[in-house]
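Trainee: Before anything else, here's the structure in question.
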Amino acid sequence: METSLILQNVLTPPVLFFFLGTFAVVVKSDLEIPAPLPKLFSLYLLLAIGFKGGLELERSGFEGQVIPTVLAAIFMSLLIPLICFAILRLKFDVFNSAAIAAAYGSISAVTFITAESFLENQNIPFDGFMVAALAIMESPAIIVGLLLVKLAAPKKRPNSKRMRLGSILHEAMLNGSAYLLLGSLLIGFLTAAHNPSGVEKMQPFTGKLFYGAECFFLLDMGIVAAQRLPSLKRAGPFLIGFAVFMPIFNAFIGVMIAKLLVLGPGNALLFVVLCASASYLAVPAAMRMTVPEAKSSYYISTTLGLTFPFNIVLGIPIYMSLVRTIIPLNG
Amino acid sequence: METSLILQNVLTPPVLFFFLGTFAVVVKSDLEIPAPLPKLFSLYLLLAIGFKGGLELERSGFEGQVIPTVLAAIFMSLLIPLICFAILRLKFDVFNSAAIAAAYGSISAVTFITAESFLENQNIPFDGFMVAALAIMESPAIIVGLLLVKLAAPKKRPNSKRMRLGSILHEAMLNGSAYLLLGSLLIGFLTAAHNPSGVEKMQPFTGKLFYGAECFFLLDMGIVAAQRLPSLKRAGPFLIGFAVFMPIFNAFIGVMIAKLLVLGPGNALLFVVLCASASYLAVPAAMRMTVPEAKSSYYISTTLGLTFPFNIVLGIPIYMSLVRTIIPLNG
Amino acid sequence: METSLILQNVLTPPVLFFFLGTFAVVVKSDLEIPAPLPKLFSLYLLLAIGFKGGLELERSGFEGQVIPTVLAAIFMSLLIPLICFAILRLKFDVFNSAAIAAAYGSISAVTFITAESFLENQNIPFDGFMVAALAIMESPAIIVGLLLVKLAAPKKRPNSKRMRLGSILHEAMLNGSAYLLLGSLLIGFLTAAHNPSGVEKMQPFTGKLFYGAECFFLLDMGIVAAQRLPSLKRAGPFLIGFAVFMPIFNAFIGVMIAKLLVLGPGNALLFVVLCASASYLAVPAAMRMTVPEAKSSYYISTTLGLTFPFNIVLGIPIYMSLVRTIIPLNG
Amino acid sequence: MKRLDLIFGERELDAMLKSLEAAEVPGYTVMKHVTGRGPERIVSEDMEFTGLGANAHVIIFCEQSVINRISEQIKPLLSYYGGVAYISEASPL
Amino acid sequence: MKRLDLIFGERELDAMLKSLEAAEVPGYTVMKHVTGRGPERIVSEDMEFTGLGANAHVIIFCEQSVINRISEQIKPLLSYYGGVAYISEASPL
Amino acid sequence: MKRLDLIFGERELDAMLKSLEAAEVPGYTVMKHVTGRGPERIVSEDMEFTGLGANAHVIIFCEQSVINRISEQIKPLLSYYGGVAYISEASPL
Ligand SMILES: Nc1ncnc2c1ncn2[C@@H]1O[C@H](COP(=O)(O)O)[C@@H](O)[C@H]1O
Ligand SMILES: Nc1ncnc2c1ncn2[C@@H]1O[C@H](COP(=O)(O)O)[C@@H](O)[C@H]1O
Ligand SMILES: Nc1ncnc2c1ncn2[C@@H]1O[C@H](COP(=O)(O)O)[C@@H](O)[C@H]1O
Ligand code: NA
Ligand code: NA
Ligand code: NA
């Protein structure tokens, strides 16, 4: 059954365009999507997903599973980096361990979007409030990562004045992608509450266009991910293993929590995907600023070069099977 | 009533995204929309608004209020810079006064667009030919500004050969934004007249997408406007006062003319907004070339840093009240 | 009749926007569409046209005229460069002759798109599999051009190691535009076969938006084409004549083949347009790398500065008349 | 040989290149979208979408004699519109 | 006069410019979206859309005395975050 | 130390960087999207969307010995594809 799910996932436009990008690098095509076009699509996707999430959050209200799910999301984004840190310290110094751990505690919006497309394709319903969980989960892991550095690192870092709590919170909450996602969520919410005609007029931009823009962006992500592979190889087998097994492990914890929360299969999959995915936007940006001692090629090549493709192609259908196996009766 | 109108205006997606951009600068988020993406949206909006205006101009024809309104628009774009110049000369030299005056005599297409969205949101009808007034009003103020420099400036400017009438007209009529707006208007007109299926096929691009693209652009405008504030502060209280009270004064003249023209409330608001708004595209570009003696930070920080946000957020609803008060029986 | 067809063609938005761009250069407006925005539209158009072609190829299957047409397309893209080479050798060296010949043997996707819009506007049906012919015809002429250099050029080229067959094929098949077009075709095909809901969700992006994006891109193409005119003038009357008469000659061969293939008028026009158009994307990129001895201004100014505008404005309606005259009874 | 670095507003680029051609430079290299601060004004990337544009950075490798010709041509442009010009030594590889 | 070339990560640009202003430079020119390789890492254009950004290349024409002031300010930044700084001779046109 | 400025077509960038790595440069900086005019051709920004691309400007700070190694590697590339290379003096801050 998993194989058939994987096949169904692989034969959707987003995943096919991702492959097209990857393959371009493999066969050395000179296809490229020059900067800042990827940024355009990245900003668009964050804006659109935030806005749509805000709409649906307003519709569903804060009753039922909303608050417990969001709290569980925060819990997971605090727990996962601690586990990752403990594992990574076996091989890496405090700086690299904390930076990679923070990336895995945070989320990847594009992985989430692809999971939503997968669910739509399978006609499995899910709730808009999961976007709130997405937005909420982006930042806490950054704080954990920076606190780990503050506590565990040698005391005489030259620039340690940067590590005051204020600037940690600033990096965590106000980096561009978290800010745009949360802000658009709020705008979607306010618009749905006060201006229904505005909702309708946004629909062609944030709704209809979304799938195609997702495909275009995944074409670029395919290129970018494949270009990270050489430096991943240099990073060694430990990190390669980590980049594949950690998501599965996190997915496993995630599915247990989803069972506890009595989430339906759609919401459960999204929750699991949030746990299993790793950040290549907000976290690297924050780590580059605050923990320059960590090698960016480590946290980028793992999250973007391996975990992201793995989740997009194999992870999502595997996690769906997991959800079906472990919480068969929900929904 | 004004407060409720302001609130209704503030709770629409375009204004909310504008706030999101402004707030990003205030809280020092690193959200940025890198060049040339803002240019893409700016070009798109000009093309789309011109095309739609052309369509509707073809439908309405040149009867009724069209010609008088367009003539009144030209009149206002000649009058306003003269008034502004007289006021600005109290504090500034000829060059700076002329450049700022030209900016306030010209228009801001995005303010106009936001006013259209406001009217749609309030279900107040307006006519497509107002876009013709918009397109026509972009340039004359530039000519007035440059003539003022030619007449009033010290005679020994080093590069005064640039100031021949031919090159003045060239700067005024053929700068990129005026050219694209007028050209798209013409294309819309021709398409509506000769190729109805073409109109329909353009609709998803120029029509449906418009509102979302407007929001995206206003997000950027919020960032850009907020970044102008420090240099506005340096410009001093006279300019700050000018940037807020001049639009209101111009709006007042505008509403009187609208009353004379017997415009309905929708068209009247758009006419007033044209009078009250100031240019940060065509005019600064022309002034930078032809009057380099003027400080660009003056005419940019006033128009973009204060007048534009003021109009978008408070101006439009205030002008709507003004319209309702002064021409209650029209339409 | 031709004049009326030309007029009908000229009064469509794509051609009007092309004129708007050209005219901007003529009157020295500073309208510009900064890099990499043209690249965005170029990538989008290739992706969208490939995807749509793939969908329709899946629907039509490989029966009937598909295989013969594609084979004829390959034949033409091998024949045309040979004819061109023979003519060009009268005036130019091997390198320049081969490079220009390759450009005319290949195709211009935007000319093809404009021809499709023309057919839609005239309510003349055509088949999706023609996109397969488009995709297939992009590369063979590159191979012919490079083989001509390999065979006819002086033996002691310094970098002749680049000219191994492997790297020739690589340049030909894997340049960005050919790769994206073929890849999107394949994705469209697979999606149509396995994921009908994916087709529907792509429609707003690849379908609805297409016409407007085409107009925007043609605005830029108008600017770029007009900017090539000075260097075309420097290239001399022989090349100018070549850039106009060669497409007509190729169109003539094309229409004969279309008659043999018993294509309907829509497909016949598209086939003729493929023969008559010349490449300014894939071929120049490949030639710049592999035949740096050829002057890029020659192959760019002919294809982009003259042949492209000629085809867009006059060629397509002329070829339509030709089709109607020579194969009146098909379809 | 010399290396000449010119930095000035993008909108003056056409006029500047015309002056350089008039001085018969052997070639030049242009970087656009450059920002900066001079004695007079701050040029920032976020204003590029307005017609103001950013700065252009032009590099010319040439003989001193060409520099002398350039100098006459462009000094008025630089003093009127703003911008800087610096010369350093360079030798071909 | 001197010419100072600084190349470092775009994310440190604001801090760097603040240091330059503190050293009272007469002006500076910034090129963003610059890529490269140093002893520590490869910076490529395709990563710009992530928050990592590319490099910035800053040029300052100034007197030696200003360089001395700059030096104290930015050496810690360069050694902590990476980046290079080179001085050459330049004379105004 | 020396500063080497290379300016050439973007499409040759990969080959050029490979040559530089073969010459074991300590690092390099790349600016793409550069335009210009040389003895042979004009490179303009508006052609970037076609496959032709614009120019790349590469800066290398290194010792003279590295320059000597680079020289052998890239002179054939520059003479075949076009482009310029100039050396000037530079000293680390
Ligand atoms: N001392 C300097 N060092 C480097 N660049 C400078 C310097 N002064 C001015 N510039 C550049 O020249 C541009 C124009 O300067 P301005 O003369 O103020 O118009 C600025 O935006 C900077 O990019
Ligand atoms: N020897 C060099 N020559 C030119 N640029 C360099 C050199 N070393 C480093 N860079 C530039 O400085 C940036 C930062 O270097 P790093 O010190 O590795 O962080 C690199 O990405 C390059 O752009
Ligand atoms: N004398 C020069 N000064 C500055 N840049 C030059 C010079 N000559 C050539 N270039 C640059 O080198 C590129 C390639 O030149 P070419 O040798 O004509 O292919 C040009 O497009 C310019 O950007
Ligand atoms: Na996670
Ligand atoms: Na006005
Ligand atoms: Na052809």
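Derivation of every value follows stated rules applied to the coordinates shown; laboratory data play no part. Small disclaimer: the values here were computed from a predicted structure and weren't measured. Positions of Cβ are backbone-derived with ideal geometry, glycine not excepted, and every protein chain shown enters the neighbour counts.
Trainee: Which of the three applies to segment C:1-115, rounded, prolate or oblate, going by the alpha-carbon gyration tensor with a ≥ b ≥ c and a/c under 1.5 meaning rounded?
Mentor: oblate
Trainee: Also, quick follow-up: Inside 10 Å of the C-beta atoms of F:36-47, what's the mean count of C-beta atoms belonging to other chains? Provide the component values of the computation, followed by the final result.
Mentor: Values: counts 9, 9, 4, 2, 5, 5, 5, 3, 5, 8, 10, 10.
Mean number of neighbouring Cβ atoms from other chains: 6.
Trainee: Let me ask you something else. If you split all Cα-Cα distances of segment E:15-56 into 10 Å bins from zero, what percentages do you get per bin, shortest first?
Mentor: Pair shares across the bins are 25, 39, 31, 5.
Trainee: Out of B:A72, C:V323, E:M47, whose Cα points farthest toward the positive end of the dipole of the protein assembly as shown (charges: +1 Lys, Arg; -1 Asp, Glu; placed on Cβ)?
Mentor: E:M47
Trainee: If you average the sequence gap of Cα pairs under 8 Å that are 6 or more apart and divide by the length of segment F:1-61, what percent do you get for the contact order? Before the final figure, lay out the partial values.
Mentor: Numbers: 88 pairs, mean separation 32.2, N = 61.
After rounding, I find 53 percent.
Trainee: Right, next: Between segment C:192-254 and segment B:255-283, what is the C-alpha centre distance in whole Å?
Mentor: Here the answer is 41 Å between Cα centres.
Trainee: Let me have the 222 nm mean residue ellipticity of chain D computed from DSSP H runs of 4+ only, each contributing -39500 (n - 2.57), with the sum over all residues rounded to the nearest 500.
Mentor: Working: 2 runs with 28 residues, N = 93.
The helix contribution divided over chain D gives -9500 deg cm²/dmol.
Trainee: So what's the angle, to the nearest 10 degrees on a 0 to 90 scale, between helix E:13-22 and the longest Cα principal axis of chain E?
Mentor: Tilt relative to chain E: about 10 degrees.
Trainee: A follow-up question, please. Rounded to whole Hz and in sequence order, give me ³J(HN,Hα) for segment C:9-14 from the Karplus expression 6.51 cos²θ - 1.76 cosθ + 1.60, θ = phi - 60°, writing x for Gly and Pro.
Mentor: 5, 5, 8, 9, x, x
Trainee: In percent, what relative contact order does chain C have, based on Cα pairs under 8 Å that are 6 or more apart in sequence?
Mentor: Computed value for chain C: 33 percent relative contact order.
Trainee: What distance in nm separates the two pseudo spin-label positions at B:F245 and C:S60, each 7 Å out from Cα along the beta-carbon direction?
Mentor: With each label point 7 Å from Cα toward Cβ, the separation is 7.1 nm.
Trainee: In peptide A:256-268, what is the residue-averaged number of other protein chain Cβ atoms found within 10 Å of each Cβ?
Mentor: Shielding by partners across A:256-268 averages 0.
Trainee: Here's another thing I want to ask about it. If R₀ is 60 angstrom, what is the calculated FRET efficiency for the pair E:E63 and A:Q122, using the beta carbon separation as r and rounding to 0.05? Show your work: numbers first, answer last.
Mentor: Details: r = 69 Å, r/R0 = 1.15.
The pair E:E63/A:Q122 has a calculated efficiency of 0.30.
Trainee: Holding the Cα-Cα limit at 31 Å, pick out from C:K52/C:K295; B:K39/F:K2; B:K295/C:K28; C:K39/D:K18; C:K295/D:K18 the pairs that are longer than that.
Mentor: C:K52/C:K295; B:K39/F:K2
Trainee: Which one of A:S297, D:A23, C:F19 is farthest out on the positive end of the charge dipole of the protein assembly as shown, using unit charges on Cβ (Lys, Arg +1; Asp, Glu -1) and the Cα centre as origin?
Mentor: The residue sitting most towards the positive pole is D:A23.
Trainee: Take peptide F:8-21, look around each residue's Cβ out to 10 angstrom, count Cβ atoms belonging to other protein chains, and average those counts.
Mentor: What the average comes to for F:8-21 is 2.
Trainee: How much net charge surrounds B:K295 when only other residues with a Cβ under 11 Å from its Cβ are counted (Lys, Arg +1; Asp, Glu -1)?
Mentor: Values: positive: B:R234, B:R288, D:R41; negative: B:D93, B:E293, D:E40.
Overall, the nearby charge balance is 0.
Trainee: Can you give me the orientation-averaged projected area of the convex hull built on the Cα atoms of the protein assembly as shown, in nm²? Walk me through the numbers before you get to the answer.
Mentor: Working: hull surface 188.2 nm².
Its average projected convex-hull area is 47.0 nm².
Trainee: Looking at chain A, I'd like the Rg to Rh ratio, where Rg is from alpha-carbon atoms and Rh is Kirkwood's inverse mean 1/r.
Mentor: My calculation puts Rg/Rh at 0.95.
Trainee: When the helix-only estimate is applied to chain B (DSSP H runs of n ≥ 4, each -39,500 (n - 2.57), divided by the residue count), what is the mean residue ellipticity at 222 nm, nearest 500 deg cm²/dmol?
Mentor: Numbers: 17 runs with 241 residues, N = 331.
Per the formula, -23500 deg cm²/dmol.
Trainee: Count neighbours as other Cβ atoms within 10 Å of each site's Cβ, and list the trypsin sites (Lys or Arg not before Pro) in segment B:43-93 that are DSSP loop with at most 12 such neighbours.
Mentor: Details: sites: B:K52, B:R59, B:R89, B:K91; in loops: B:R89, B:K91.
Qualifying residues, ordered by number: B:K91.
Trainee: Amide H of D:K2 versus every other amide H placed in the peptide plane: which residues, excluding those fewer than 5 positions away on the same chain, fall under 5 Å?
Mentor: Long-range HN contacts for D:K2: D:C62, D:E63, D:Q64, D:A90.
Trainee: At R0 = 22 Å, how high is the FRET efficiency between B:I67 and B:L169 if r is their beta carbon distance? Nearest 0.05 is fine.
Mentor: The pair B:I67/B:L169 has a calculated efficiency of 0.45.
Trainee: Amide H to amide H, which residues 5 or more places from E:I42 or on other chains are under 5 Å from it, using H placed in the peptide plane?
Mentor: Under 5 Å from the amide H of E:I42 lies no amide H from a residue far enough along the sequence or on another chain.
Trainee: How far apart, in nanometres, would the label points at F:L93 and A:L151 be if each is projected 7 angstrom from Cα along the Cα-to-Cβ direction?
Mentor: Once both label points are built, they end up 3.7 nm from each other.
Trainee: Points 7 angstrom from Cα along the Cβ direction at D:K75 and C:R324: gap in nanometres?
Mentor: Placing both labels 7 Å along Cα→Cβ, they lie 6.8 nm apart.
Trainee: Considering only C-alpha atoms, what is the centroid distance from segment A:1-70 to segment A:104-152, in Å?
Mentor: Here the two parts' Cα centres lie 12 Å apart.
Trainee: Taking H placed 1.01 Å from N in the peptide plane, check which residues at least 5 places from D:G51 or on another chain put their amide H under 5 Å from its amide H.
Mentor: The list, which skips near neighbours in sequence, is B:A285.
Trainee: Sketch the reach of a paramagnetic label on B:V262 as a point 7 Å from Cα along Cα-to-Cβ, and name the residues of segment B:53-87 whose backbone nitrogen lies under 20 Å away.
Mentor: Only B:60-73 pass the distance filter.
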